[in-house]
1. Sort by residue number and name the cysteines in the chain that have no neighbouring cysteine Cβ under 4.7 Å.
2. As a test of the formula, what do you get for the chain when each DSSP H run with n ≥ 4 contributes -39,500 (n - 2.57) and the sum is divided by the residue count, at 222 nm and rounded to the nearest 500 deg cm²/dmol?
3. Of 69, 100, 40, which is farthest along the charge dipole of the stretch 36-112 in the positive direction, counting Lys and Arg as +1 and Asp and Glu as -1 at C-beta?
4. Summing Lys, Arg as +1 and Asp, Glu as -1, what charge do residues with Cβ under 13 Å from the Cβ of residue 105 carry, residue 105 excluded?
5. Quick one: compute the contact order of the chain, relative version, from alpha carbon pairs under 8 angstrom and 6+ residues apart, as a percent.
6. Going by alpha carbons, how many degrees (0 to 90, nearest 10) lie between the helix axis of 54-75 and the longest principal axis of the chain?
7. Are any of the pairs 43/105; 48/105; 17/73 more than 26 Å apart by Cα-Cα distance, and if so, which?
8. With labels modelled as points extended 7 Å from the Cα through the Cβ direction, what inter-label distance (nm, one decimal) is found for residue 89 paired with residue 35?
Amino acid sequence: MDCIFCKIAAGQVPSVKVYEDEKVLAFLDIGPLSDGHTLVIPKKHYVKIHECPGEVLASVAAVLPKIAAAVLKGTNADGYNVMCNNGRASGQLVEHIHFHIIPRKAGDGVFT
Ligand code: AMP
Ligand code: ZN
C-alpha cells in the first residue's frame, strides 16, 4: 500500500518523532501551521474515524493527553487545536487517520 504515514510508522520514511509506542506514533508535521505542529496516528492503517475500530482510536486517545502536554510545554503555547479531517471534502489529504495538534498563541492568526 502506498501510504506515506504507514511508511513513516514502519520507519521507511524519516520523521521527527515526538512519541512512539507499540500502537501509536506522533511526529512533527512537515508543513506546520505553527511551531510544534504535531500529528498523532495509529500505526495501523485506517482512513477515517467511522471506519476505525474503537479500540484503535482508544489507543490514540489514551496517549493524547501526554503528547498534548509535551507539545504545549515544548512550544510554550497558550493553547492548541486538536483536529482530525475525514474525507477530501473536509480537507483530508493524507488518507491515514491523523490527529493534528496545533499549538496556538493568543492572536497568532493561524486560522484567519
Ligand atoms: P490533512 O490535510 O488533515 O490530511 O493533513 C495532512 C498533513 O500531513 C499536512 O499537514 C501535511 O503537512 C502533513 N504531511 C504530509 N506528508 C508528511 C510527511 N512526510 N511528514 C510529516 N507530515 C506530513
Ligand atoms: Zn497508512
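Bear in mind that the values in this text are calculations on the coordinates, not laboratory data. Keep in mind that this is a model prediction, so the values were computed, not measured. Cβ coordinates were reconstructed from backbone atoms using ideal geometry, including for glycine residues, and neighbour counts include every protein chain displayed.
1. 52, 84
2. -8000 deg cm²/dmol
3. Sorting the options by dipole projection puts first 69.
4. -2
5. Over the chain, the number comes to 28 percent.
6. Between helix and principal axis, roughly 30 degrees.
7. Over 26 Å apart, Cα to Cα: 43/105; 48/105.
8. Between residue 89 and residue 35, the simple spin-label model gives 3.9 nm.
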